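Everything below concerns the one structure shown next.
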């Protein structure tokens, strides 16, 4: 019974640790500048994201009247 | 500013070096062909001239701000409708302070609505270093340019190039630092062809020769022009360059650029935007890159005074460096 309890708590505690490990590994992957292929892959994704942002930013009018609240 | 015949804008405080008059640059969205002496053609069979090879990524690069370090003061003085001089003073704590005297002469020949020839541009600094360019329209389709750059009494760069503009293509050849005695030099050839009214493709061949060594580099370029966007891609031995320019509105322009060099094993992405508020005489440019660099430039015309104020700041998070600059341009 104690072992089951112990394994249950390990299962509950491992999920947030797995998430934090995944986040850490993703950060290391994104910021690792020693691997040229990784850098190129990350930058290709950033370029695609930048193109998507550029194409979807419209109706931007700084001189438009402010909405009346 | 220099009379109605001159369409060349004065250099800005952010980039006081003498620039080519805008009329000699690329017209990415060329005006419709003028009617008159040329016989009429079917609209679907006419392909526009694609412009210059080096201008494929220019639209995107113009969105990015220019870094200004220290204090920069630029004074432009128009002496006549053909002649203009400028004084540029740069004070900085991170690099050498300098003073430059620049001149621009524009001839009476007119090649187009905003293109005049010949054009002579040059500047010299306090140590005697000279930058000079001569641009001349030899014929209706052939344009030539000669450029010199010296560092005090030594010639650093000398370059001559010729460009031929056909109906739907542009071909150019350039000779950089040719030295017959030393058997060295660089020959660069460009060719850009309009495949469709919106698609242009071309290539560049670079031949470099040094004593006992020679090398050839080739790259291909493609550019697609939409109603409000321009995408360009360059593939070469040295790497890849991709750019995307988008005009979101009359006030907002965006640019994204990817540079990847297999030779240097490095790549980077830069995202920039430009905000124009004509009613406030304001222009703001911002940039962020994958190299952890964030920067911005603010340029405002202080009407009715003939002054333009430029504020600039760049922050490199990775290297923990911050640069700021301040510039004033007097027209």
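Determine whether residue B:243 is within 14 Å of chain A (Cβ to nearest Cβ) and not in a strand (DSSP E or B).
Numbers: within 14 Å of chain A (Cβ to nearest Cβ): yes; not in a strand (DSSP E or B): no.
No.
For segment B:74-99, the set of residues classified as exposed (fewer than 12 other Cβ atoms within 10 Å of the Cβ), in contact with a strand residue (DSSP E or B) (Cβ under 7 Å, 6 or more places away or on another chain) and more than 24 Å from residue B:324 (Cβ to Cβ) consists of B:79 only.
Quick check on segment A:32-55. Is at least one of its residues modelled with pLDDT of 75 or more, in contact with a helix residue (DSSP H, G or I) (Cβ under 6 Å, 6 or more places away or on another chain) and not in a loop (DSSP other than H, G, I, E, B)? Yes, segment A:32-55 contains a residue that is modelled with pLDDT of 75 or more, in contact with a helix residue (DSSP H, G or I) (Cβ under 6 Å, 6 or more places away or on another chain) and not in a loop (DSSP other than H, G, I, E, B).
Of all the numbered requirements in (1) touching a strand residue (DSSP E or B) at 6+ places or on another chain (Cβ under 6 Å); (2) away from chain A (no Cβ under 14 Å), residue B:269 misses one, and that requirement is (2).
The residues on offer are B:240, B:221, and the sole one that is at pLDDT 95 or above, surrounded by 15 or more Cβ atoms within 10 Å (Cβ to Cβ) and in contact with a strand residue (DSSP E or B) (Cβ under 6 Å, 6 or more places away or on another chain) is B:221.
Here is the figure for segment B:310-323: residues that are closer than 19 Å to residue B:89 by Cβ and without any contact (Cβ under 8 Å) to a residue 60 or more places away in the chain total 1.
All of (1) more than 28 Å from residue B:133 (Cα to Cα); (2) away from chain A (no Cβ under 14 Å); (3) outside any strand (DSSP E or B) hold for residue B:222 with one exception: (3).
Scanning segment B:163-185 for residues that are without any contact (Cβ under 8 Å) to a residue 24 or more places away in the chain and surrounded by fewer than 16 Cβ atoms within 10 Å (Cβ to Cβ) turns up B:164, B:173, B:175, B:177, B:178, B:179, B:180, B:181.
The values are calculated or read from the model by the stated rules, or taken from the named source; none is laboratory data. Here the structure is a predicted model, which means the values were calculated and not measured. Backbone-built Cβ (ideal geometry, glycine too); neighbour counts: all protein chains shown.
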